[in-house]
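The values are calculated or read from the model by the stated rules, or taken from the named source; none is laboratory data. Every value quoted in this text rests on a predicted model; they were computed, and no experiment measured them. Here the Cβ positions follow ideal geometry from the backbone for every residue, glycine too, while neighbour counts run over all protein chains shown.
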Amino acid sequence: MDSKDIKLIIDGKRLDGRGFEDLRPIKMRVGVLKRADGSCYLEMGKNKVVAAVFGPREVHPRHLADPIKAVVRYRYNMAPFSVEERKRPGPDRRSVEISKVSREAIEAIVMKELFPRSGIDIFVEVLQADAGSRTACLNAASVALVDAGVPMKGMISSVAVAKVDDVLVLDPMKEEDNYGQADIPFAFFIRNDRIESIALLQMDGRVSKEEFVQALEMAKRGAMKIYEMQKEAIKTKYIMESEGEVNEIE
Ligand code: CDP
């Protein structure tokens with residue numbers, strides 16, 4: 001079937017019943033992994049991801065250490081069973097690219113200069129993917145960094161906007177990503193409850209200048225909602241901890 005034959009907007013609603021500017025349901029749980037310094041399990045629609053942060057700690061191999069700041073490493077990895085067609089295990093071009101742009105986004109918020117000669121390692125594992133997995137991972141990683149107690153200038157909140165059937169929609173799911181006209185993942189650096197700058201911006205497909213400006217505004221509103229959920233998830237962990245409960249998944 002030609003992608004033009006697939007209708008993604010029916011009677012003003014998306015295929016999963018969402019309005020144009022609705023996020024998928026989001027769930028977060030902080031501190032789920034015992035061995036990591038900080039961790040977060042996150043669901044964004046059908047995406048299921050887990051982020052684990054280690055450090056600041058000694059860098060291995062040692063020659064990678066930087067005498068004036070911490071080295072931040074970010075590994076995005078998809079489980080072979082996370083997608084419909086089995087994904088060959090190990091890194092590929094896509095995961096290397098996602099790891100690079102995500103690391104650059106995270107580096108904007110980490111106070112690396114406080115930890116010379118050390119390393120901060122962020123691992124994100126995609127257990128189930130349904131479009132927007134890089135945005136889900138960034139949201140989880142940002143929360144896991146807070147959980148690890150890594151000093152940061154702010155938070156990263158991330159969401160994509162897509163163009164489907166000639167309209168812009170927030171947080172596209174798989175069908176919209178596959179058959180849409182454009183997909184634009186954004187991540188924002190948020191400080192003091194305000195968006196400070198764009199930390200990640202990619203684009204697949206084409207949109208007009210006006211559409212891009214609209215997409216940016218839509219993504220900003222979406223990211224602010226996610227940011228509030230990230231803060232809430234972190235608070236929940238500390239409340240549970242103060243009551244002697246553990247937030248690990250049993
Ligand atoms: O996940 P994200 O939107 O950040 O990245 P993408 O490269 O635009 O991939 C979109 C979606 O395609 C993923 O979320 C997966 O659901 C799917 N995909 C897949 O089925 N098999 C792959 N090897 C890679 C991606």
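Results for (1) within 23 Å of the chain's Cα centre (by Cα); (2) on the phi > 0 side of the Ramachandran plot; (3) aliphatic (A, V, I, L, M), shown as yes or no for each residue.
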{"site": "Asp11", "(1), (2), (3)": "no, yes, no"}
{"site": "Leu23", "(1), (2), (3)": "yes, no, yes"}
{"site": "Leu42", "(1), (2), (3)": "yes, no, yes"}
{"site": "Val50", "(1), (2), (3)": "yes, no, yes"}
{"site": "Glu58", "(1), (2), (3)": "no, no, no"}
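For the stretch 146-171, a tally of residues being out of contact with any helix residue (DSSP H, G or I) (no Cβ under 8 Å at 6 or more places or on another chain) and over 19 Å from Val32 (Cβ atoms) returns 5. For the stretch 122-133, the set of residues classified as near the ligand (Cβ under 9 Å from one of its atoms) and either crowded, with 19+ Cβ neighbours inside 10 Å or on the phi > 0 side of the Ramachandran plot (or both) consists of Val126, Ala129, Asp130, Ala131, Gly132, Ser133, listed by residue number. Screening the stretch 165-180 for residues that are farther than 30 Å from Asn192 by Cα and away from the ligand (no atom under 14 Å from the Cβ) and picking the one that is surrounded by the fewest Cβ atoms within 10 Å (Cβ to Cβ) gives Asp166. Pairing each residue of the stretch 128-153 that is touching a residue at least 40 places away in the same chain (Cβ under 8 Å) and over 14 Å from Val110 (Cα atoms) with any residue that is outside any helix (DSSP H, G or I) and away from the ligand (no atom under 16 Å from the Cβ), provided the two are 6+ apart or on different chains, yields C-beta distances under 7 Å for Ala140/Cys40.
Flag not set for Ala36, criterion: more than 19 Å from Asp171 (Cβ to Cβ), small (Gly, Ala, Ser) and modelled with pLDDT under 95.
In the stretch 72-110, how many are assigned to a loop (DSSP other than H, G, I, E, B) and either in contact with a helix residue (DSSP H, G or I) (Cβ under 6 Å, 6 or more places away or on another chain) or at negative phi (or both)? Walk me through it before giving the result.
We begin by selecting, within the stretch 72-110, every residue assigned to a loop (DSSP other than H, G, I, E, B); these are 79-92, 108-109.
From what is left, the residues that are either in contact with a helix residue (DSSP H, G or I) (Cβ under 6 Å, 6 or more places away or on another chain) or at negative phi (or both) are 79-89, 91-92, 108-109.
Matching residues across the stretch 72-110 total 15.
Would you be able to tell me the number of residues in the stretch 19-29 that are touching a residue at least 40 places away in the same chain (Cβ under 8 Å) and not in a strand (DSSP E or B)? Walk me through it before giving the result.
Within the stretch 19-29, the first condition is being touching a residue at least 40 places away in the same chain (Cβ under 8 Å), and the residues that meet it are 20-24, 26, 28-29.
Still in the running and not in a strand (DSSP E or B): 20-24.
Selection size over the stretch 19-29: 5.
Between a first residue in the stretch 197-219 that is free of Cβ contacts under 8 Å to residues at least 60 places away in the same chain and buried (at least 18 other Cβ atoms within 10 Å of the Cβ) and a second residue that is polar (S, T, N, Q) and assigned to a helix (DSSP H, G or I), which pairs have beta carbons less than 9 Å apart while being 6 or more apart in sequence or on different chains? Close Cβ pairs satisfying both conditions: Val207/Gln214. Only one residue in Ala160, Ala187, Ala140 is of a type in the set (A, V, I, L, M), assigned to a helix (DSSP H, G or I), closer than 26 Å to Gly17 by Cα and within 14 Å of the ligand (Cβ to nearest atom), so which one is that? One residue alone meets the criteria, Ala140.
Can you find, within the stretch 30-55, the residue that is surrounded by the fewest Cβ atoms within 10 Å (Cβ to Cβ) among those that are part of a strand (DSSP E or B) and in contact with a Pro (Cβ under 9 Å, 6 or more places away or on another chain)?
Within the stretch 30-55, the match that is surrounded by the fewest Cβ atoms within 10 Å (Cβ to Cβ) is Glu43.
Looking at this structure, is Asp177 acidic (Asp, Glu) and under 20 Å from Glu43 (Cβ atoms)? Judged against the criteria, Asp177 is a match.
Taking the criterion of being more than 21 Å from Leu64 (Cα to Cα), in contact with a Ser or Thr (Cβ under 7 Å, 6 or more places away or on another chain) and within 10 Å of the ligand (Cβ to nearest atom), the only residue of the stretch 74-92 that qualifies is Met78.
Listed here are the residues, each with its yes/no results for (1) within 16 Å of the ligand (Cβ to nearest atom); (2) in contact with a strand residue (DSSP E or B) (Cβ under 8 Å, 6 or more places away or on another chain); (3) within 23 Å of Glu196 (Cβ to Cβ).
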position	(1), (2), (3)
Arg94	yes, no, no
Val101	yes, yes, yes
Met111	no, yes, yes
Ile120	no, yes, yes
